[in-house]
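The values are calculated or read from the model by the stated rules, or taken from the named source; none is laboratory data. Computed from a predicted structure; not experimentally measured. Glycine gets a Cβ as well: all are built from the backbone with ideal geometry, and neighbour counts include every protein chain shown. Please note that ligands, DNA and RNA were not included when accessible areas were found on the heavy atoms of the full protein model with its side chains. Shrake-Rupley method; radii C 1.70, N 1.55, O 1.52, S 1.80 Å.
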Amino acid sequence: MKAIYKREIKMYFNSMIGYVFIAFFVLITAIYFSIQNILSLSPDFQYVFSSVIMMFLILGPMLTMRLLSEEKKQKTDQLLLTSPVSIPGIVLGKYLAAVTVFLISLLITAIFPIILSFYAEVAAAQIIGSYIGFFLLGSAFIAVGLWISSITDNQIVSAVATFVAIFLLLMVETIVSSASGSQSFSLMFAGILALAVALYFYYNTKNAEVGISVFIVCAAVILILYFVKRDIFTGLAGNFAMMFAVLTRFNNFAMGLLDVSSIAYFISFIAVFLYFTVRVIEKRRWS
């Protein structure tokens with residue numbers, strides 16, 4: 001894992017990706033810091049991070065799009081798969097390298113609240129909480145991007161898919177809340193989940209009949225439940241969406257709450273997507 005980590009760090013800084021990521025991240029944070037704190041004469045630095053979250057739509061794909069997709073395209077993944085390094089070691093090494101670049105960017109921005117503290121009394125607990133929450137949120141997005149990078153050999157496809165995934169994670173509560181109480185919306189949502197499960201089985205078996213059979217079984221179960229016990233569909237979409245409500249967990253940190261359950265949530269979220277990535281690579285090795 002250590003060798004993979006060092007290799008990826010060198011890749012980031014031998015190319016322009018690492019420097020561009022850090023420069024762009026610090027620049028955007030500095031702009032919001034100037035607007036929300038300096039020009040507005042406000043000591044509340046924690047709101048800066050709440051404003052710059054959307055830039056993950058660009059920075060997330062930039063950091064992860066080449067991690068595994070480029071290896072697959074150039075066939076260098078064969079060297080990794082036949083190396084003595086374990087697959088979890090490969091995945092963890094690449095993931096930690098991306099997280100390190102993100103962490104360096106985040107640490108540089110720590111100069112802003114330090115500057116602010118010279119001129120006003122700052123809420124240290126909220127600022128520290130915002131930094132912890134923002135780091136966990138960014139690390140979660142990197143895990144998602146790494147997984148997406150593992151399932152394609154095209155960097156552009158990886159970047160676009162990561163953009164869409166991060167957008168949905170940021171907007172999932174807003175999208176679902178407007179119709180989550182509707183039973184018909186929940187029925188449609190359950191159908192989409194059934195299709196996703198069927199596609200997963202098809203991807204792993206490469207057998208269309210298996211995929212179609214799984215979808216038919218799932219759809220039949222959903223319809224039976226809808227007509228027999230319709231009440232369970234009330235709020236189903238909203239309850240499911242809360243499993244991916246990363247923004248809500250971040251807001252807890254931004255308010256200065258060091259929420260253990262939110263920390264556990266982010267760690268679990270990251271672990272699940274790293275596991276998915278390991279499974280994708282293991283399947284490729286044995287095929």
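Modelled with pLDDT under 80, open to solvent by 20 Å² or more (accessible area, probe 1.4 Å) and in a helix (DSSP H, G or I): does that describe Y47?
Yes; evaluated as a whole, the condition is true for this residue.
Count, please, the residues in segment 94-105 that happen to be within 17 Å of the chain's Cα centre (by Cα) and surrounded by 18 or more Cβ atoms within 10 Å (Cβ to Cβ).
8
Go through segment 150-177 residue by residue and tally those that are in contact with a Lys or Arg (Cβ under 7 Å, 6 or more places away or on another chain) and in a helix (DSSP H, G or I).
Qualifying residue count, segment 150-177: 1.
So which helices (runs of 4 or more DSSP H) are wholly in segment 225-287 and hold at least 2 residues that are modelled with pLDDT of 80 or more?
Those helices (runs of 4 or more DSSP H) span 246-254, 260-286.
Between a first residue in segment 186-197 that is under 14 Å from F227 (Cβ atoms) and a second residue that is surrounded by 15 or more Cβ atoms within 10 Å (Cβ to Cβ) and hydroxyl-bearing (S, T, Y), which pairs have beta carbons less than 7 Å apart while being 6 or more apart in sequence or on different chains?
L187/Y226
Going residue by residue through segment 116-126, is there one that turns out to be open to solvent by 20 Å² or more (accessible area, probe 1.4 Å), part of a helix (DSSP H, G or I) and without any contact (Cβ under 8 Å) to a residue 60 or more places away in the chain?
Taking every residue of segment 116-126 in turn, at least one turns out to be open to solvent by 20 Å² or more (accessible area, probe 1.4 Å), part of a helix (DSSP H, G or I) and without any contact (Cβ under 8 Å) to a residue 60 or more places away in the chain.
Residue by residue through segment 18-35, note down the ones that are out of contact with any helix residue (DSSP H, G or I) (no Cβ under 6 Å at 6 or more places or on another chain) and without any contact (Cβ under 8 Å) to a residue 60 or more places away in the chain.
Y19, V20, A23, F24, L27, I31, S34, I35
Cβ-Cβ distance below 6 Å, separation of 6 or more or different chains: which pairs start in segment 150-166 with a residue that is under 12 Å from T64 (Cβ atoms) and end on one that is crowded, with 19+ Cβ neighbours inside 10 Å and of a type in the set (G, A, S)?
Sorted first by the residue in segment 150-166, then by its partner, the pairs are T152/S69; T152/S158; Q155/S69; S158/S69; S158/S149; T162/G60; T162/G145; I166/G60.
Output yes when any residue across segment 127-136 is of a type outside the set (D, E, K, R), assigned to a helix (DSSP H, G or I), farther than 22 Å from S261 by Cβ and in contact with a helix residue (DSSP H, G or I) (Cβ under 6 Å, 6 or more places away or on another chain), and no when none is.
No, there is no match, as no residue in segment 127-136 is of a type outside the set (D, E, K, R), assigned to a helix (DSSP H, G or I), farther than 22 Å from S261 by Cβ and in contact with a helix residue (DSSP H, G or I) (Cβ under 6 Å, 6 or more places away or on another chain).
Give segment 127-151 a look and list any residue that's of a type in the set (V, I, T) and open to solvent by less than 20 Å² (accessible area, probe 1.4 Å), or say none.
Matches in segment 127-151: I127, I142, V144, I148.
What about S40, is it modelled with pLDDT under 85 and either closer than 21 Å to S105 by Cβ or surrounded by 14 or more Cβ atoms within 10 Å (Cβ to Cβ) (or both)?
No; evaluated as a whole, the condition is false for this residue.
As an exercise: evaluate T64 against (1) closer than 18 Å to S149 by Cβ; (2) open to solvent by less than 40 Å² (accessible area, probe 1.4 Å); (3) among the polar types (S, T, N, Q); (4) modelled with pLDDT under 75 and give the number of the one condition it does not meet.
Among (1) closer than 18 Å to S149 by Cβ; (2) open to solvent by less than 40 Å² (accessible area, probe 1.4 Å); (3) among the polar types (S, T, N, Q); (4) modelled with pLDDT under 75, the lone unmet condition for T64 is (4).
Can you confirm whether segment 68-81 contains a residue that is open to solvent by 10 Å² or more (accessible area, probe 1.4 Å), at pLDDT 85 or above, in a helix (DSSP H, G or I) and out of contact with any strand residue (DSSP E or B) (no Cβ under 8 Å at 6 or more places or on another chain)?
Checked segment 68-81: no residue is open to solvent by 10 Å² or more (accessible area, probe 1.4 Å), at pLDDT 85 or above, in a helix (DSSP H, G or I) and out of contact with any strand residue (DSSP E or B) (no Cβ under 8 Å at 6 or more places or on another chain).
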